[in-house]
Every structure is written in C-alpha cells, then in structure tokens.
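J.: Before I ask anything, here is the structure I am working with.
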Amino acid sequence: MKPVRKAIFPVAGLGTRFLPATKAQPKEMLPIIDKPLIQFAVEEALDAGITHLILVIGRTKRAIADHFDSNPELDAILRAKGKSEMADYLSTIIPKSACAIYLRQAEALGLGHAVACAAPLIEPDEPFAVLLADDLLEGETPVLSQMVAAYQQTGRPLVAVQSVDPSETGSYGIVDADLPLVGQSSRVRSMVEKPTPDEAPSNLAVVGRYILDGSIMQVLKDQTPGRGGEIQLTDGIRALIETTGVDAFRYNGCRYDCGSKLGYIEATLAHALRHPEYGPHVRAFMAANYTESTK
Ligand code: UTP
C-alpha cells in the first residue's frame, strides 16, 4: 500500500457567503483570532505526514501563496525589533521537509473541478488527501492523522462523516452506511449530494476531509456538471464506491463550519474563550456586558 504523502487544498471557491470580506481574498485566509483557516488545515496535514501540499488557488486570490512564502523584509524587521521568536515561527510554518505547490483554478467550476486541477501531480494508483480548510476540525489526535491510521488498516479511500440533524441533510453529501461508533469506519453503500430529508439514506454527512485514490482524477476530468451546475466531488466518489470501495469514517473531534458565518463565529468564540492569555478577559467582558438581562 502506498503511503499518503500528498494533500490537495481546494481554496478557489467564490466564498459568496462571506462577501465583501472574500471579494479579494479567499475565505480560507479568514483568521480565527490570529491564525488563518488555511494554516490550521496545513498544520493538520503536516501532522499526518503529508509532504506535498497542493493548493488550488483562485485566479484573483494570491494571498495564500503570499502567506506561506518567505518574507525577507518582514523577517529582518522582526529580528531587528527583538522578535526573533515570531520570525522563526513564521519561517517554519511549512518545514523544509515539505513543499507547497500552487495551482490555478481559472474558473470556480466546483469542488470536483478544483481537485481535478491537481490531476497531473497524482499517480493513477496513488492515495491522496483532500482538506477543505473552511471546515475547521479539531480532535485530541488531529482528524487527518486519525484518517491516515484508518486508511493504513484497509487501504480503502475514506470520507470523514458526522451525524447531522435530519433537517440539515440538504446542506451535505449524505452516505448510506452503518456507523455507530466514533473512530470507526464502515463501507459506504451509496452517497447522495444535498438530499432532502425524505431522500436522505441516513443522517451521516460528509465533511471536509477525504483520502481518495488517484483513479478518481480521470472520472472527475470526464465529469459533466452535476447538481447546481458544478462539477461535484461527490460524483467522483460515487464512481470510487463501485471500483475501489469507499469507507465512511466517524472522526473523533469537533467541527466548525467556517464557510458559514455562524460556524465562523462559534469557532472564534471557542478559541477566544480558551485562549491562555485572552480567555479570562473575554469571560470577564462577557460577564460584565452580557448578563441575563441584556440577552
Ligand atoms: P463551498 O461549497 O463552500 O463554496 O466550497 P464557496 O464558493 O467557497 O463558498 P460560498 O458557498 O459561495 O460561500 C467548498 C470548498 O471547495 C472550494 C472552496 O474554496 C472551499 O474550500 N472550491 C469550491 C474550490 O476550490 N473551487 C470551486 O470551484 C468551488
């Protein structure tokens, strides 16, 4: 079985739910306090042993490449001001043992299309990860590491899933699988993109972490636009269900849907409240200004 060394980060979506903030920058550059969402995802991938970080960026959005690039002027200024610790931190976000590769998705034709942009970099039988950085996943063991460990047991592609309220199935890809336990994987029988609660085969929703097989690339390249006029990753995964088989993996951890404003606010609040320096101040501020009577 080949190791999972490459990860694709599709970051070329239009981010219309976050306009005007996302007019000139990707939503994946929105920070939780002081760290952009994309950095959380990149760190999660590095932790799982990924060495090739493939970032599919949008035509007009260069901020992500700039974020991970070295910045000698800033480095010199920080060191001159005695802030060497920050300078060291910034220069090692992507360690020398890994590399970042940037690709352009000229038009936002869908998540499946964004993943297919990386086809020339993936061997037909090579496993690779996909991380959607606007899904912030946090677990005691980082979620992609949990998935790589599960993949090493079976050698089968897998998609991360979580239970959602049945009324929410229309916002997700929903799998047909039997999966009672956290940390467990089970074969996917079928998968439906954004079904109504009546059409949904379960309430197990696919979230933004995948380990896929290189053979999906050909399927995606041949794909015609599906639901919503976009080339959907789900359509490619459905083809893998028939060939390699696909497992659903119920990860151990929590998820913030930072592609939505509410999820982004929740993630920011959770991080603010547990921040070692600012957490106590945030709590005191909330207690002083937002008592029961001001709700
Ligand atoms: P979303 O479905 O959240 O779409 O994409 P979006 O366009 O970014 O956001 P809204 O709905 O308009 O607010 C899920 C992931 O797929 C990427 C996005 O950047 C995000 O990480 N994506 C989506 C692409 O890279 N290219 C696309 O054409 C579509």
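The values are calculated or read from the model by the stated rules, or taken from the named source; none is laboratory data. Because the structure is a prediction, the values reported are computed rather than measured. A quick note on method: Cβ atoms are made from the backbone with ideal geometry, for glycine too, and the neighbour counts reach across all protein chains shown. Quick note on the areas: whole protein, heavy atoms, side chains included, nothing else; ligands and nucleic acids left out. Shrake-Rupley method; radii C 1.70, N 1.55, O 1.52, S 1.80 Å.
J.: For the chain, set up a Gaussian network in which alpha carbons nearer than 10 Å are linked by springs, and say which option among 77, 265, 50 fluctuates the most.
T.: Among 77, 265, 50, the largest mean-square fluctuation in the Gaussian network model of the chain belongs to 77.
J.: While we're here: Tell me, what is the percent relative contact order of the stretch 20-154, built from C-alpha pairs under 8 Å that lie six or more residues apart?
T.: Worked out over the stretch 20-154, it gives 36 percent.
J.: Cross-link list 23/221; 35/96; 61/221; 194/261; 6/81: which exceed 26 angstrom alpha carbon to alpha carbon?
T.: Beyond 26 Å: 23/221; 6/81.
J.: What shape does the stretch 77-176 take by its C-alpha gyration tensor, where a ≥ b ≥ c are the square roots of the eigenvalues and a/c under 1.5 counts as rounded, a/b above b/c as prolate, and the rest as oblate?
T.: prolate
J.: Return the single residue from 58, 279, 49 with maximal mean-square fluctuation; model: Gaussian network over the chain, springs between Cα atoms under 10 Å.
T.: 279
J.: State, as an integer percentage, the relative contact order of the stretch 168-295 based on alpha-carbon contacts under 8 Å between residues 6 or more apart.
T.: That works out to 23 percent.
J.: Let me ask you something else. For the chain, set up a GNM with springs between Cα atoms under 10 Å and report which of 211, 101, 57 has the largest fluctuation.
T.: Checking each option, the largest mean-square fluctuation is seen for 101.
J.: While we're on this one: Based on the Cβ-Cβ distance of residue 178 and residue 84, what FRET efficiency does E = 1/(1 + (r/R0)^6) give at R0 = 51 Å, to the nearest 0.05?
T.: 0.45
J.: Something else: Starting from the Cα-Cα distance between residue 286 and residue 93, subtract it from 0.36 nm times their residue separation and give me the gain in nm to one decimal.
T.: 66.2 nm
J.: Can you tell me how the stretch 47-95 classifies by the Cα gyration tensor, rounded, prolate or oblate, using a/c under 1.5 as the rounded cut?
T.: Judged from the Cα gyration tensor, the stretch 47-95 comes out oblate (a/c at least 1.5, b/c at or above a/b).
J.: Cα gyration tensor of the stretch 1-103, axes a ≥ b ≥ c as square roots of the eigenvalues: rounded (a/c below 1.5), prolate (a/b > b/c) or oblate?
T.: It comes out oblate by the Cα gyration axes.
J.: With unit charges on the beta carbon (Lys/Arg positive, Asp/Glu negative), name the residue among 15, 30, 3 whose Cα is farthest towards the positive pole of the charge dipole of the stretch 1-40.
T.: Result: 3.
J.: Right, another one. Can you sort 19, 220, 78 by 1.4 Å-probe accessible area, starting with the largest?
T.: 19, 78, 220
J.: Under the rule of -39500 (n - 2.57) per DSSP H run of 4 or more residues, summed and divided by the residues of the chain, what mean residue ellipticity at 222 nm is obtained, to the nearest 500 deg cm²/dmol?
T.: Value at 222 nm, helices only, nearest 500: -9000 deg cm²/dmol.
J.: Also, I was wondering about something else. Nearest 20 debye, what's the magnitude of the dipole of the chain about its Cα centre given +1 on Lys and Arg Cβ and -1 on Asp and Glu Cβ?
T.: The calculated dipole for the chain is roughly 520 debye.
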